[in-house]
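Right, one structure below, let's go through it.
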Amino acid sequence: MNRERAISTLGALGAVALLGIPARSGAELSPRAVIKILGPQHKQIGPDRLAHAAFVPSEIEVPVNELVTVSVVSDDLETHSITAPGLGIDQKIAPAIKRTGKIVPVTTTFTFTAYGSGVYRWYCRYACDMGTRMWSMGTGYTGRGKEGFMAGRIIVV
């Protein structure tokens, strides 16, 4: 996907996730992050040419030694998690709700403090992506190689 198409299709946050465009603009790091889980109805197409749910952005930068608040807005009907063993995070993310044929997003908010700088991998630990033979989960439940879908990085600086 080229840069212009990614930005027009997914907006700036989606382009950050899929193209690795640096999210940091030189401004001070914020101890707050908002992540969206886009359900497969948004047609996040993987290399297997099927639609998958995706975390956008899948990579966030946070300050070291500060309480960080993360809000995850899900419009996917499956349960997910942000699991980062190196940071002691294992947060279940509530699924969206289907009401009268419409999908209603649900927000899950959690906090954590990272006591050491570095790059920490996170993944979804729940068996999800059932409609596409769990492609985004990869082998096992760690989603290796599926960054931008059910895995990503938390960069602590």
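Once label points are set 7 Å from the Cα along Cα→Cβ at both ARG32 and THR109, what is their separation, rounded to one decimal in nm?
Result: 0.8 nm between the two label points.
Out of GLY101, ILE89, PRO57, whose Cα points farthest toward the positive end of the dipole of the range 48-109 (charges: +1 Lys, Arg; -1 Asp, Glu; placed on Cβ)?
GLY101
None of the figures in this text is laboratory data; all of them are computed from the coordinates on show. From a predicted model like this one, the values you see are computed outputs, not experimental measurements. Cβ: placed from backbone, ideal geometry, glycine included. Neighbour counts: every protein chain shown.
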